[in-house]
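Peer 1: I'd like to ask some things about the structure below.
The values are calculated or read from the model by the stated rules, or taken from the named source; none is laboratory data. Quick caveat, the model's predicted, so the values are computed rather than measured. Cβ: placed from backbone, ideal geometry, glycine included. Neighbour counts: every protein chain shown.
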Amino acid sequence: MDFSDIKLVATDMDGTLLDPQHRLPSDFYPVYQSLKEKGILFAAASGRQYYNLVNLFAPIKDELIFLAENGSYVVAQGEELLVQALDPTMAKKALQKARSIPGVYIVLCGKKSAYVENTHPAFMDQVKLYYDAVEVVDDLLQVEDDQFLKIALCELAGVEESSNLHFREEREHLQITVSGKIWLDISDQQANKGRAMEVIQQKFNITPEQTMIFGDYLNDLKMIQKAHYSYAMENAHPDIKEAARFRAKSNRENGVLEVLQQLISG
């Protein structure tokens, strides 16, 4: 395969680049350095909070591109490129509906911080994985003085056949995305990883044919459509496998790095 014209690599985090314990592969940084020497940009695309991603890649945070909160917030090499915030009125309506669904925990994802009103231990264990700036409040509906990038619903029993089905009507004016087995994200209608990728490609004058993208779950679908070199992980959702042109080994087997090593050697 001819990788000679690749200028941008973008990868999802959980289930993709990160191992099952949510850690970067041990040899990530040497591989990244080789990409940098070839002039290839690297983008971390995730439902995770921006502050969480920055801390995850602390040694090189000023060199990377971040598509945070499933594309609602994009920062490239320290420059803010996109803030796709929810309309406050729509956000409050979605919050009220989410509160009515049994077994659902809510994270209100602001640009300044994430906000929670429930501190159930099993829920907070999940929150700590993906959000570094978190504030506990009495009432999410009373949070002001922030831009809301998304509302993340956590349902420990699984969301795809549960809370996901409660928001059918809202799909006409909001982006409703299953971003993991226990996570449902509610965002502005224009907010997704695909739109964020378009912003990055336009900024750096990079075409889909010069782009390589890795993903594993439904929130990656619109993003992998923006690259010719689109890879589904072996552990990916069936819809992602169907949409991607190529396949990488599972995140347990460091599939992303294996392909990147081929890119470097090529």
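Peer 1: Of the residues that make up region 169-180, is at least one modelled with pLDDT under 95, in a helix (DSSP H, G or I) and surrounded by 23 or more Cβ atoms within 10 Å (Cβ to Cβ)?
Peer 2: no
Peer 1: Take region 223-266 and flag every residue that is touching a Lys or Arg at 6+ places or on another chain (Cβ under 6 Å) and of a type in the set (S, T, N, Q).
Peer 2: S230
Peer 1: Of all residues in region 7-52 being farther than 23 Å from S265 by Cα and of a type in the set (K, R), which is surrounded by the most Cβ atoms within 10 Å (Cβ to Cβ)?
Peer 2: R48
Peer 1: Quick check, is F167 in contact with a strand residue (DSSP E or B) (Cβ under 9 Å, 6 or more places away or on another chain) and within 23 Å of V31 (Cβ to Cβ)?
Peer 2: no
Peer 1: Taking the condition part of a strand (DSSP E or B) and either small (G, A, S) or modelled with pLDDT under 95 (or both), does I186 pass?
Peer 2: Criteria not met by I186.
Peer 1: Looking only at region 143-185, which residues are over 17 Å from the mean Cα position of the chain (by Cα) and of a type in the set (K, R)?
Peer 2: R168, R171
Peer 1: Within region 249-266, work out how many residues are among the small types (G, A, S) and in a loop (DSSP other than H, G, I, E, B).
Peer 2: Qualifying residue count, region 249-266: 2.
Peer 1: Which of the residues belonging to region 105-119 are surrounded by 13 or more Cβ atoms within 10 Å (Cβ to Cβ) and either within 25 Å of S162 (Cβ to Cβ) or under 16 Å from the mean Cα position of the chain (by Cα) (or both)?
Peer 2: Answer for region 105-119, where residues must be surrounded by 13 or more Cβ atoms within 10 Å (Cβ to Cβ) and either within 25 Å of S162 (Cβ to Cβ) or under 16 Å from the mean Cα position of the chain (by Cα) (or both): Y105, I106, V107, L108, C109, G110, K111, A114, Y115, V116, E117, N118.
Peer 1: For the condition within 30 Å of E169 (Cα to Cα), touching a strand residue (DSSP E or B) at 6+ places or on another chain (Cβ under 8 Å) and surrounded by fewer than 20 Cβ atoms within 10 Å (Cβ to Cβ), what is the one hit in P102, P88?
Peer 2: Answer to the selection: P88.
Peer 1: Within the set of pairs 6+ apart or on separate chains, which have a first residue in region 121-145 that is farther than 17 Å from H22 by Cβ, a second that is of a type in the set (S, T, N, Q) and in a helix (DSSP H, G or I), and C-beta atoms under 9 Å apart?
Peer 2: Taking only residues 6 or more apart or on different chains, the pairs are A133/N52; L141/Q96.
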